[in-house]
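Here the structure is laid out as structure tokens; the discussion comes afterwards.
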Amino acid sequence: MTETREPVIEARDLHFRAGASHILRGVDLIVEPGEVVALLGANGSGKSTLVKTLVGINPPTQGTVRLLGEPLTAGRRTTVDRSRIGYVPQRANAGGGIPSTAQEVVASGLLHGRRLALPRGWRDRVAAALTQVGLADRVHDPVHLLSGGQQQRILIARALVREPDLLILDEPVAGVDVASQEAFATTMRRLVDGGLTVLVVLHELGELEPLVTRAVVLGHGKVVHDGTPPQARRDHDRAGHRHQHPHADDNTLGEQARALDLEVRP
């Protein structure tokens, strides 16, 4: 990883429209080196759209993005070194529908931009990335035979094989079992201890709560909270459980509470 003192992510007045839908409405976001920022909010709040805009998949309708100190522009004109950024999209299939081994999938992370051939020592780098996610013994296994949680860790290894300065993950634990969530949290703890900067989209903090240094909550395409991770109060009874958010003192806090969905799903 390359040491940097500039903000790793700097987004100013981001807007994104898709047809008649105004999804992002003036989002400002700064992520400093070494931070672990959780991007939270209810379904439809704009979390995934924001992440895709930050990595250049969705060109912003208005506003600017700087990654690792460089402006993000459309296509190959950008000066951003994408090899320093690892991105794990939401609910992607590790094999992409094509029979592939774990080694092949992770190695594909070394192909980016104009690089069409694997670099020297790629096998060692792939092995190191798989070791980081606890799957070194699965290097030659077909990914379609692995569990959902293991496939997700393969995708993380594909992002890590670049040895990035920034890792962006979009709901990495959605739909995986508790054991896989715990394994993922253990992996992330090692990476964060090594100085990696992380932006992660979550529905709930869960096993990652001890690692998160800051929470950014979106509501209707706007930032409604940026700071200490909000705590959801939970009341339980024999008939089930009910989740209560703290009462708001004004409309802004009320919107924050409504936008935030931190409850643990049954």
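The values are calculated or read from the model by the stated rules, or taken from the named source; none is laboratory data. These numbers were taken from a predicted model, which means no experiment stands behind them. Positions of Cβ are generated from backbone atoms using ideal geometry, with glycine treated the same way; all protein chains shown enter the neighbour counts.
Could you list, in sequence order, all residues of region 112-145 that are under 24 Å from the mean Cα position of the chain (by Cα), small (Gly, Ala, Ser) and exposed (fewer than 14 other Cβ atoms within 10 Å of the Cβ)?
GLY113
Can ALA257 be described as modelled with pLDDT under 80, of a type outside the set (S, T, N, Q) and not in a loop (DSSP other than H, G, I, E, B)?
yes
Which of (1) over 21 Å from ILE9 (Cα atoms); (2) out of contact with any Asp or Glu (no Cβ under 9 Å at 6 or more places or on another chain); (3) part of a helix (DSSP H, G or I); (4) hydrophobic (A, V, I, L, M, F, W, C) is the odd one out, the single condition LEU130 does not satisfy?
(2)
Please give the strands (runs of 3 or more DSSP E) falling wholly within region 4-114 in which 1 or more residues are within 23 Å of LEU211 (Cβ to Cβ), at pLDDT below 95 and out of contact with any helix residue (DSSP H, G or I) (no Cβ under 8 Å at 6 or more places or on another chain).
85-88
So which of PRO210, PRO172 ends up being out of contact with any Pro (no Cβ under 6 Å at 6 or more places or on another chain), farther than 30 Å from THR79 by Cβ and not in a helix (DSSP H, G or I)?
The conditions single out PRO210.
(1) of a type in the set (Lys, Arg); (2) modelled with pLDDT under 90; (3) in a helix (DSSP H, G or I): which one isn't true of ARG123, the others all being true?
Result: ARG123 passes all but (2).
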